[in-house]
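*Asks:* I have a structure I would like to understand better, so I am pasting it below and will then ask my questions one at a time.
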Amino acid sequence: MVVYGIKTCGSVKKALGFFKNHALDVEFIDVRQEPISGEKLDAWLSYTTIDTLLNTKGTKYRTLELKELHLDDEAKREWLLKEPLLIKRPVIEYDHGVLVGYDEKAYSRLFLT
């Protein structure tokens, strides 16, 4: 499994804690240090939607005033590639897909069976 996010994010800390507490081995990638590629984003989008990946509740989204721009999906994709802090965190890649955000029940169902 690979966990994408930033180390200072509360949701990422919770996710990493969950995996550690359940002795699940994960690789962590900080998207500020290793921005995702267009190919990686497209792979995620084969499992989820652009609106799920775009963090509209974060400071970066508000600071950039993106709500006022009424972005279409292609513009949202471009912003996600340009500004990694716009990605909702964590993004977890696993054998059968991608999970976005911290959801302990979903983690238990998917990773502890």
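*Asks:* Identify the single condition in (1) under 12 Å from the mean Cα position of the chain (by Cα); (2) exposed (fewer than 14 other Cβ atoms within 10 Å of the Cβ); (3) among the hydrophobic types (A, V, I, L, M, F, W, C) that residue 23 does not satisfy, given that it satisfies every other one.
*Replies:* The failed condition is (1).
*Asks:* Then there is this: Residue 108 fails exactly one of the following numbered conditions: (1) of a type in the set (S, T, N, Q); (2) in a loop (DSSP other than H, G, I, E, B); (3) more than 11 Å from the chain's Cα centre (by Cα). What is the number of that condition?
*Replies:* Evaluating residue 108 over (1) of a type in the set (S, T, N, Q); (2) in a loop (DSSP other than H, G, I, E, B); (3) more than 11 Å from the chain's Cα centre (by Cα) leaves (2) as the failure.
*Asks:* From 75, 15, grab the single residue that is part of a helix (DSSP H, G or I), more than 16 Å from residue 100 (Cα to Cα), modelled with pLDDT of 95 or more and of a type in the set (Gly, Ala, Ser).
*Replies:* After ruling out the rest, the residue left standing is 75.
*Asks:* On to the next question. Applying the selection to segment 1-12, what residues are closer than 12 Å to residue 107 by Cβ and not in a helix (DSSP H, G or I)?
*Replies:* 1, 3
*Asks:* Checking residue 57 against (1) touching a residue at least 12 places away in the same chain (Cβ under 8 Å); (2) surrounded by fewer than 18 Cβ atoms within 10 Å (Cβ to Cβ); (3) closer than 17 Å to residue 103 by Cβ, which single condition isn't satisfied?
*Replies:* (1)
The values are calculated or read from the model by the stated rules, or taken from the named source; none is laboratory data. A quick note: this is a predicted structure, and the numbers were derived from the prediction, not measured. As a convention, Cβ positions derive from the backbone with ideal geometry for all residues, glycine included, and neighbour counts pool all protein chains shown.
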